[in-house]
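Engineer: First the structure, which I've put down as structure tokens, then a few questions once you've had a look.
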Amino acid sequence: MSEATKIHKSGDEDADEVLKYVPALRAYARSLTKQHDDADDLVQTTLLKAIANISKFQRGTNLRAWLFTIMRNTFLTDIRKRAREFPGKADCASTVLSCAPAHDERIAGTRLLQCIERLPRHYREALLLVVMIGESYETTAEICGCAIGTVKSRVNRARAMVIADLGAKNFLDVLEVR
């Protein structure tokens, strides 16, 4: 087998490995964008960048963290681009709910998500990665480009902020349906 064939085969294997992480990428994209269409676009852009640059991935390192880092950097770049652009309002009457949901758990879940959305970005990101997606502190630190202690601190502070925002005394009160 020639050297070029070995390199190509290795790249194909890495590209196949990338596809295993699509569900986790979708979950992370939805937590970042809060819009299903934008999340799908972010996942697609991340996959395109990852597969195009698969030769830059160092085998033996954490592929999932590499993908999440690509996604996070792409998302932050898009935010910077949008800050320079001034499009018209995207609000549309058809996207606004005409009546609130009546189901208690759904209302409680919506309140919780609203509290999470109000968190500063760095706290929200750490909380979503560790608590909702289930990433380890180490992987989250790698994705966010900070120390593990910083991630632990951000998650702890984010939990405290959510509890305070909900008017609960402790975490167990948050779990009760109101």
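Engineer: Across segment 161-168, in residue order, what do the Karplus-derived ³J(HN,Hα) couplings come to in whole Hz, using 6.51 cos²θ - 1.76 cosθ + 1.60 with θ = phi - 60° and x for Gly and Pro?
Structural biologist: 5, 5, 4, 5, 5, 7, x, 8
Engineer: Work out, step by step, the length gained on full extension between Arg59 and Leu112: first 0.36 nm times the residue separation, then minus their alpha carbon distance; give nm to one decimal.
Structural biologist: 15.2 nm is the gain from fully extending Arg59 to Leu112.
Engineer: Going through the cross-link list Lys49/Lys81; Lys20/Lys49; Lys20/Lys81, which pairs have a Cα-Cα distance over 21 Å in this structure?
Structural biologist: Lys20/Lys81
Just so you know, all these numbers are worked out from the coordinates, no wet-lab data involved. Quick caveat: nothing in here was measured; it's all calculated off a predicted structure.
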